[in-house]
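Here the structure comes first, spelled out in structure tokens, and everything after it is commentary.
Please treat every number below as a calculation from the coordinates, not as lab data. Please read these numbers as outputs of a predicted model, since none were measured by experiment. So basically every Cβ, Gly included, is an ideal-geometry build from the backbone, and we count neighbours across all protein chains shown.
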Amino acid sequence: MRANKQLLLDELLGHMKGSSYIIASYKKLTPQFMWKASSQLASNKSYFEVTKKRLLQKALENEKIDLKTKKLPGHIALLILKGDSIAAIKQLYAFREELENSIDVIAGVIDGELYFGKDVETLSKLPPLDRLRAEFLSVLEAPMGQLLSVYENMLTSVIYCLENKVEKEKNK
């Protein structure tokens, strides 16, 4: 492999190592759209990386990832996910709808797990990470809150009993 291609491969591997990414094919993307998409994805610390098919295939071989396909369709881009993965994937599917399906998701490696197109689409329908965390914390917090309410009622019932006893003693 020539030195300049090895440099590109090393750069691509650097982007892929330790991060989540989506492999997508695209057609008819304008520079204006790429600028808009890049600025929106930057809010999640994510970005597009357009790459050559052969370089991506070599990088995937190096990472021991099998896409179960010999030939990648169309032009290829990587969506590198550095921040909230689910929010960035949602944005990718919003772009896909905006461009009338000019972007096709082939696969994705998210938190070290390989997902194919339909699985990534399912992930895009999940709520944002902060909302999932909030729901999980509310599930943990609910029993504690109910237990606290029971203890509070028990303590106040003792006080009411004592007040009633005092009232009866005064009325005698």
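When only DSSP loop residues count, what GluC sites (Glu not before Pro) in region 60-167 have their Cβ near at most 15 other Cβ atoms within 10 Å? Numbers along the way, then the final one.
Numbers: sites: E61, E63, E97, E98, E100, E113, E121, E135, E141, E152, E163, E167; in loops: E63, E100.
Taking region 60-167 and a limit of 15 other Cβ atoms within 10 Å, the loop GluC sites (Glu not before Pro) found are E63, E100.
What full-extension length gain, to one decimal in nm, is calculated for L67 and L162 as 0.36 nm per residue of separation minus the Cα-Cα distance?
Separation in residues times 0.36 nm, less the Cα-Cα distance, equals 26.8 nm.
Find the relative contact order for region 29-172 and round it to a whole percent, using C-alpha pairs within less than 8 Å whose residues are 6+ positions apart.
Details: 90 pairs, mean separation 27.9, N = 144.
So the answer I get is 19 percent.
Ordered by packing density, taken as the mean number of other Cβ atoms within 10 Å over each peptide's residues, highest first, how do 155-161, 52-58 rank?
Details: 155-161: 9.9, 52-58: 16.6.
Going from most to least packed, we get 52-58, 155-161.
Determine the sum of side-chain charges near P127: Lys and Arg each +1, Asp and Glu each -1, restricted to other residues whose C-beta is under 12 angstrom from that of P127. Don't jump to the answer; show the numbers that get you there.
Details: positive: K90, K125, R131, R133; negative: D84, D130, E135.
Net charge around P127: +1.
Anyone know which of D66, D119, D104 comes out most mobile in the 10 Å Cα GNM of the chain?
Evaluated over the chain, the most mobile residue of the options is D66.
Going through the cross-link list K68/K90; K17/K53; K58/K125; K27/K71; K58/K82, which pairs have a Cα-Cα distance over 27 Å in this structure? Before the final figure, lay out the partial values.
On the way: K68/K90 25 Å; K17/K53 18 Å; K58/K125 31 Å; K27/K71 16 Å; K58/K82 22 Å.
Checking Cα-Cα distances, K58/K125 exceed 27 Å.
Note down the nm distance, to one decimal, between modelled labels 7 Å out along Cα→Cβ at K170 and at S25.
Taking the simple label geometry, K170 and S25 are separated by 8.6 nm.
Separation between the K36 and L114 pseudo-spin-labels, each 7 Å from Cα along Cα→Cβ, expressed in nm?
3.5 nm
Quickly rank 67-73, 83-89, 14-20 as a protection proxy: mean count of other C-beta atoms within 10 Å, highest first.
Numbers: 67-73: 10.3, 83-89: 20.7, 14-20: 14.9.
Result, highest mean first: 83-89, 14-20, 67-73.
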